[in-house]
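Notes follow once the structure below has been shown.
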């Protein structure tokens with residue numbers, strides 16, 4: 001299978017005054033296309049830093065990162081913005097939808113920045129909303145939607161540009177357990193359609209729905225385990 | 001880059017979420033643009049008045065005045081001695097090549113009586129050329145002819161003010177009036193001329209043939225002298241040459257030399273009026289400058305609010321960057337907001353400025369002139385203020401690092 005993500009000897013050092021904090025130490029990893037990986041670890045383990053670098057929101061101090069075969073390093077800010085737009089779909093813990101903006105307009109945003117012609121933007125946004133089961137709420141403003149619905153709009157937004165990977169940063173962190181299962185069910189459904197998903201979580205329960213668990217501690221990958229039998233969110237009813 | 005219509009929509013939405021704040025921010029621009037428009041309108045109104053007054057004197061005019069006289073060591077002022085003669089006027093017209101016409105004038109004042117009405121007015125003894133030089137038309141009846149001049153007839157032309165005061169609604173043409181008890185026939189009425197640059201009423205006047213004035217009305221100890229000579233140059237370019245030629249000619253005729261002081265002065269009237277026009281221009285420039293200051297203050301207000309807005313919306317900027325907005329997109333988004341703010345303010349200010357100018361012209365009877373140019377300038381200026389004062393905040397927003405903006409609480 002294709003290696004959609006390949007990092008080698010990735011390090012990130014923060015200089016805070018005279019203190020030198022090594023957030024990532026020599027991390028090497030590959031993630032194959034179609035994988036569904038959970039990145040786990042306590043806070044300060046380096047998992048968020050790793051995610052930010054994977055998402056091209058931050059740059060490593062040293063090491064290499066290939067995303068879909070393209071070397072992401074020494075790229076200009078504009079090129080990084082383009083990679084975020086075309087190859088990465090973000091799902092955040094706090095949903096991060098634009099306020100006073102309808103669901104369908106939120107989903108269209110990446111298409112606008114991706115210079116997709118206006119004529120087909122709405123059509124594609126509606127298709128993405130249908131994929132997360134929210135076609136009937138397209139006209140609702142984000143503050144008129146429940147947390148679970150907002151997260152589904154965010155997933156639709158992440159999907160709409162057909163990215164190489166979806167990066168989800170604690171996507172169920174702000175949701176109750178029932179809604180969390182619904183979101184995880186959507187992720188599993190998308191994964192079965194071939195979409196690669198990398199999800200940060202600190203809950204083992206949530207990680208159990210993925211195919212592969214990566215445990216971070218002190219800036220290194222402590223364990224990398226394949227989940228023998230991922231739980232099926234479609235089968236779970238009430239409570240995770 | 002995203003298309004213009006969409007960015008305008010996004011900007012309008014952002015401004016609508018904070019209606020009161022947007023309005024207050026705009027207020028500075030509204031006041032600034034309104035002030036600029038009103039000041040320019042009032043200023044150009046003033047310039048128009050002055051231009052009209054300049055035109056009312058006649059074009060390319062020189063005034064030759066008799067000079068001073070020294071009497072027992074005491075120098076009397078200009079015009080105290082009747083040194084100019086009818087012959088001087090004839091010579092100027094004949095010999096100075098830059099001169100088109102020369103109209104000698106004798107001026108006096110007299111009580112005028114018609115029926116039971118009487119009126120004190122200025123009497124001008126003129127030649128037929130006078131009205132040509134002044135570019136003055138006769139609206140009713142006829143003008144004075146060379147025959148009137150030669151024959152020293154008792155015919156006269158009256159100005160509008162005189163006509164109103166002596167005749168009221170009656171038609172004055174053909175009527176007999178008495179000037180200093182001498183009967184004169186009104187043969188024509190002069191067109192309305194309005195105020196002179198000095199503010200006097202140019203319509204309060206009676207024109208009579210020059211010879212009649214010299215011989216019958218204002219008997220002088222120096223016959224054949226005239227009060228002044230109005231000289232019209234052939235063109236505006238000929239004005240300076242005309243001054244030179246008239247001065248040279250009169251110096252010869254009056255035998256002015258090292259031992260004899262010049263007994264006349266030549267004045268370029270257009271020049272005097274240009275000075276007046278320039279001072280009015282300087283005035284409107286000053287008013288405009290004061291108004292521009294309020295525009296700058298308004299611009300600073302916009303910059304301030306945009307900076308606040310950027311800080312408040314850091315997270316929004318982070319989201320937009322995370323999903324693919326480039327620096328340029330963010331820069332343009334905030335710049336569009338600032339420009340929209342100033343342009344909307346500019347349009348409102350324009351409306352207020354035009355209304356203010358109309359109010360001034362209605363209540364203070366002061367003519368105002370609203371030019372398309374001023375409106376275009378105000379519009380451009382408000383846009384420029386938006387770009388200038390919006391750029392720094394927009395730049396600040398665009399240069400945020402995506403990760404910092406996204407994590408901003």
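The values are calculated or read from the model by the stated rules, or taken from the named source; none is laboratory data. All of these numbers come straight from a predicted model, not from anything done at the bench. Because the Cβ atoms are built from the backbone with ideal geometry, glycine has one as well, and the counts that use them run over all protein chains shown.
Considering B:168, B:227, the condition of being surrounded by fewer than 14 Cβ atoms within 10 Å (Cβ to Cβ) and either assigned by TED's automatic domain parsing to the domain that holds residue B:136 or touching a residue at least 60 places away in the same chain (Cβ under 8 Å) (or both) is satisfied by B:168 alone.
If you go through the stretch A:190-229 and keep only what is in contact (Cβ under 8 Å) with a residue 40 or more places away in the chain and assigned to a helix (DSSP H, G or I), you end up with A:190, A:191, A:204, A:206, A:207. Of the residues that make up the stretch A:168-178, is at least one surrounded by fewer than 20 Cβ atoms within 10 Å (Cβ to Cβ), in a helix (DSSP H, G or I) and more than 14 Å from chain B (Cβ to nearest Cβ)? Yes; the residues of the stretch A:168-178 include at least one that is surrounded by fewer than 20 Cβ atoms within 10 Å (Cβ to Cβ), in a helix (DSSP H, G or I) and more than 14 Å from chain B (Cβ to nearest Cβ).
Which of the residues that make up the stretch B:283-313 are within 12 Å of another protein chain (Cβ to nearest Cβ) and part of a helix (DSSP H, G or I)? Write out each step before concluding.
Step one: of the stretch B:283-313, the residues within 12 Å of another protein chain (Cβ to nearest Cβ) are B:312-313.
The one that is within 12 Å of another protein chain (Cβ to nearest Cβ) and part of a helix (DSSP H, G or I): B:312.
Residues checked against (1) in contact (Cβ under 8 Å) with a residue 60 or more places away in the chain; (2) part of a strand (DSSP E or B); (3) within 18 Å of the chain's Cα centre (by Cα):
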residue: B:30; (1), (2), (3): yes, no, no
residue: B:45; (1), (2), (3): yes, no, yes
residue: B:49; (1), (2), (3): yes, no, yes
residue: B:55; (1), (2), (3): yes, no, yes
residue: B:64; (1), (2), (3): yes, yes, no
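Of all residues in the stretch A:3-31, count the ones that are closer than 17 Å to residue A:87 by Cα and free of Cβ contacts under 8 Å to residues at least 60 places away in the same chain. Give the derivation first.
As a first pass, look at the stretch A:3-31 and keep what is closer than 17 Å to residue A:87 by Cα: A:3-7, A:30-31.
Filter once more, keeping what is free of Cβ contacts under 8 Å to residues at least 60 places away in the same chain: A:7, A:30.
Of the residues in that region, 2 qualify.
Only a single criterion out of (1) over 18 Å from residue B:334 (Cβ atoms); (2) in contact with a helix residue (DSSP H, G or I) (Cβ under 6 Å, 6 or more places away or on another chain); (3) surrounded by fewer than 20 Cβ atoms within 10 Å (Cβ to Cβ) is not satisfied by residue B:7, namely (1). If the condition is being in a loop (DSSP other than H, G, I, E, B) and either within 7 Å of chain B (Cβ to nearest Cβ) or free of Cβ contacts under 8 Å to residues at least 60 places away in the same chain (or both), then the stretch A:81-123 contributes A:96, A:98, A:99, A:100, A:101, A:114, A:115, A:116, A:117. Residue by residue through the stretch A:39-66, note down the ones that are out of contact with any helix residue (DSSP H, G or I) (no Cβ under 8 Å at 6 or more places or on another chain) and not in a loop (DSSP other than H, G, I, E, B). Passing the criteria: A:47, A:48, A:49, A:50, A:51, A:53, A:54, A:62, A:63, A:64, A:66. Residue-level check: of (1) part of a helix (DSSP H, G or I); (2) touching a residue at least 60 places away in the same chain (Cβ under 8 Å); (3) within 20 Å of residue A:37 (Cβ to Cβ), residue A:163 misses just (1).
Taken across the stretch B:100-113, residues that are loosely packed, with under 14 Cβ neighbours inside 10 Å, outside any helix (DSSP H, G or I) and at pLDDT 90 or above do occur, with at least one present.
Pairing each residue of the stretch B:317-335 that is more than 7 Å from every other protein chain (Cβ to nearest Cβ) with any residue that is not in a helix (DSSP H, G or I), provided the two are 6+ apart or on different chains, yields C-beta distances under 6 Å for B:317/B:400. Test residue B:335 against the stated conditions and say whether it is outside any helix (DSSP H, G or I) and either at pLDDT 90 or above or buried (at least 19 other Cβ atoms within 10 Å of the Cβ) (or both). Judged against the criteria, residue B:335 is not a match.
Taken together, the residues in the stretch B:230-259 that are part of a helix (DSSP H, G or I) and crowded, with 20+ Cβ neighbours inside 10 Å amount to 6. Only a single criterion out of (1) in a loop (DSSP other than H, G, I, E, B); (2) more than 10 Å from every other protein chain (Cβ to nearest Cβ); (3) under 15 Å from the mean Cα position of the chain (by Cα) is not satisfied by residue A:31, namely (1). Against the list (1) assigned to a loop (DSSP other than H, G, I, E, B); (2) farther than 20 Å from residue A:55 by Cα; (3) within 14 Å of chain A (Cβ to nearest Cβ), the condition residue B:369 fails is (3).
Got at least one residue in the stretch B:306-324 being surrounded by 19 or more Cβ atoms within 10 Å (Cβ to Cβ) and under 23 Å from residue B:289 (Cα atoms)? So far as the stretch B:306-324 goes, no, none of its residues is surrounded by 19 or more Cβ atoms within 10 Å (Cβ to Cβ) and under 23 Å from residue B:289 (Cα atoms). Might you check whether a residue that is surrounded by 22 or more Cβ atoms within 10 Å (Cβ to Cβ) and under 13 Å from the mean Cα position of the chain (by Cα) occurs anywhere in the stretch A:133-146? No; the residues of the stretch A:133-146 include none that is surrounded by 22 or more Cβ atoms within 10 Å (Cβ to Cβ) and under 13 Å from the mean Cα position of the chain (by Cα). Filter the stretch A:41-80 down to residues that are within 13 Å of chain B (Cβ to nearest Cβ) and free of Cβ contacts under 8 Å to residues at least 24 places away in the same chain and give me whichever is surrounded by the most Cβ atoms within 10 Å (Cβ to Cβ). Residue satisfying both the conditions and the ranking: A:52. Confirm whether residue A:143 is touching a helix residue (DSSP H, G or I) at 6+ places or on another chain (Cβ under 7 Å) and on the phi < 0 side of the Ramachandran plot. It is false that residue A:143 is touching a helix residue (DSSP H, G or I) at 6+ places or on another chain (Cβ under 7 Å) and on the phi < 0 side of the Ramachandran plot.
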